[in-house]
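For reference, the structure is listed below as structure tokens.
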Amino acid sequence: MSTSLVMEELDLIKIRKDFPILSTTVNGKPLVYLDNAATSQKPWPVIRAIESYYTSLNSNVHRGVHYLSQKATDAYEQSRRKLATYINAAFEHEVIFTKGTTDGINLVASCFGKQFIGKGDEVIISYLEHHSNIVPWQMICEEKGASLKVIPINEKGELIMSAFDKLLNSRVKIIACSYVSNSLGTINPVREIIGKAHALGIPVLLDAAQAVQHLELDVQELDVDFLAFSGHKMYGPTGIGILYGKESWLNKLQPYQGGGDMIKTVTFEKTTYNELPFKFEAGTPNIEAAICLGNAVDYINSIGLDKIARQEEELVEYATAQLSLITGLRFIGTAENKASVVSFVIEGQHPYDVGFILDKMGIAVRTGHHCTEPLMNFFGIPGTIRASFAFYNTKAEVDILVEGVKKAITMLA
Ligand code: PLP
């Protein structure tokens, strides 16, 4: 590893030791993990917390008076408090544990859609959306006879805000938009979107799956109505995520699913529902993952989100500069404001072929449409090669990627 690392703001040699998988090999080569937008790696404090949960805490939550159940419930609720603080929610009960971003968006599309979207209404999304912020809205629009409107983008992969202005009208019932694009890294002007939407009384859902691990998020300052993200992209376990909703909205919505924990009383004639947040947490949750997501938040806080963001910015800048020297490489997504992602194509080569060769060199990048098919159609390409960075990545790894891409081009020529 490059000795220049010690010059950097973060002690990357120490940090990388926190992530055991980073010192493994793939195909006989040291792993260079640049697929962090798909899922991040996990540090020891999270891995150990998972083991500790099953060796000292395992029990169901909110149901037992016995010692273990109380302890597990305390840890589960403590994690909720950590997450509420992390995004600066006004109340802990505005933080709902879900399976992930997809689950959170489906919850809102389904519950909000059932109650507040009708025939002839409109839902606005953007061209940059992940399929999980397209399909749930398409489904509810189809069911209700509403239509889906899409904020267009320019060639750099930025939203065209003048076109957004023209989409706003009294038929629009909700706007659902990504904070950061997973395919291009574009950081969207979410404050402007929220401000303009609220001026017309339209609520906004933000898909923060690619934002929450890179940028400081303050839901009160943003004044966002709903915000969804996934634990596994922020150094936590899979199968857990958060839906934040303003208390006023969550109180208005009817439950998503019925079952244990979300009820107050049940008779065969009528059920009354539990209060927030339990109203939206039917059934036994992913207790271990919910608790250990709190450990991931502790870990992020111990490093500092500001330092994380600076390191990732530097990596994006460095990777962009180095990759731009390669003949035949074209960047897809060149927005002024970007976070953590560099996407590109190689003239005359399919992204999969390049990705396959990189994998043989131990380099993990994502190739394909990244669950954003409409966006790839916009650029007229089947997909991109995407390197997505986390703060534990190094410039030395960027160098390996650049050499790997050059080699792949030679081999495929
Ligand atoms: N939204 C964005 C922007 C994403 O990048 C992803 C995953 O890559 C998702 C939503 C879906 O997240 P999950 O699969 O964790 O539900």
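The values are calculated or read from the model by the stated rules, or taken from the named source; none is laboratory data. Given the structure is predicted, the values throughout are model-derived calculations rather than measurements. Cβ: placed from backbone, ideal geometry, glycine included. Neighbour counts: every protein chain shown. What goes into the accessible areas is simple: the full protein's heavy atoms, side chains included, and nothing from ligands, DNA or RNA. Shrake-Rupley method; radii C 1.70, N 1.55, O 1.52, S 1.80 Å.
Would you work out what percent of the accessible area of the chain, with all protein chains in place, is carbon or sulfur (probe 1.4 Å)? Roughly 53 percent of what the probe reaches on the chain is carbon or sulfur. Put simply, when 161-168, 226-233, 277-284 are sorted by average Cβ atoms within 10 angstrom per residue, most first, you get 226-233, 277-284, 161-168. Across segment 47-301, Cα pairs under 8 Å and at least six residues apart give a relative contact order of 24 percent. When the Cα positions of 411, 22, 104 are compared along the charge dipole of the chain, 104 comes out farthest toward the positive end, with charges on each C-beta of Lys, Arg, Asp and Glu. Take 381-391, 52-62 and order them by the average number of nearby Cβ atoms within 10 Å per residue, most first; the result is 381-391, 52-62. Stretched out straight at 0.36 nm per residue, the stretch from residue 48 to residue 78 would grow longer than its current Cα-Cα span by 9.0 nm.
On a 0 to 90° scale, report how tilted helix 67-86 is relative to the longest principal axis of the chain, with both axes built from alpha carbons and the result rounded to the nearest 10. Approximately 60 degrees, to the nearest 10.
Leaving ligands, DNA and RNA out of it, rank 336, 158 by accessible area with a 1.4 Å probe, largest first. Intermediate results must be reported in sequence, preceding the final value.
Working: 336 140, 158 40 Å².
Sorted by accessible area, descending: 336, 158.
For segment 246-391, a/c is not less than 1.5, where a ≥ b ≥ c are the root eigenvalues of the C-alpha gyration tensor, and a/b tops b/c. That puts it in the prolate class.
Ranked from largest to smallest solvent-accessible area, with a 1.4 Å probe on the protein heavy atoms, 135, 46 come out as 135, 46. Note on residue 25 and residue 198: the extension gain reaches 57.3 nm, defined as 0.36 nm multiplied by sequence separation minus the Cα-Cα distance. Segment 24-47 and segment 59-93 have their alpha-carbon centroids 29 Å apart.
Put simply, when 12-20, 322-330 are sorted by average Cβ atoms within 10 angstrom per residue, most first, you get 12-20, 322-330.
Whole number in Å², please: accessible area per residue of segment 47-301, 1.4 Å probe, ligands, DNA and RNA not counted. Please list the in-between numbers first.
Numbers: 10190 Å² over 255 residues.
Value for segment 47-301: 40 Å² per residue.
Surface exposure of segment 365-413, expressed per residue as accessible area with a 1.4 Å probe, stands at 37 Å². How many lysine pairs in segment 1-135, separated by 8 or more positions in sequence or lying on different chains, have Cα atoms less than 24 Å apart? Total qualifying Lys-Lys pairs in segment 1-135 comes to 11.
How tilted is helix 44-56 with respect to the longest principal axis of the chain? Cα atoms for both, answer in degrees (0 to 90, nearest 10). Here the helix axis deviates by roughly 40 degrees.
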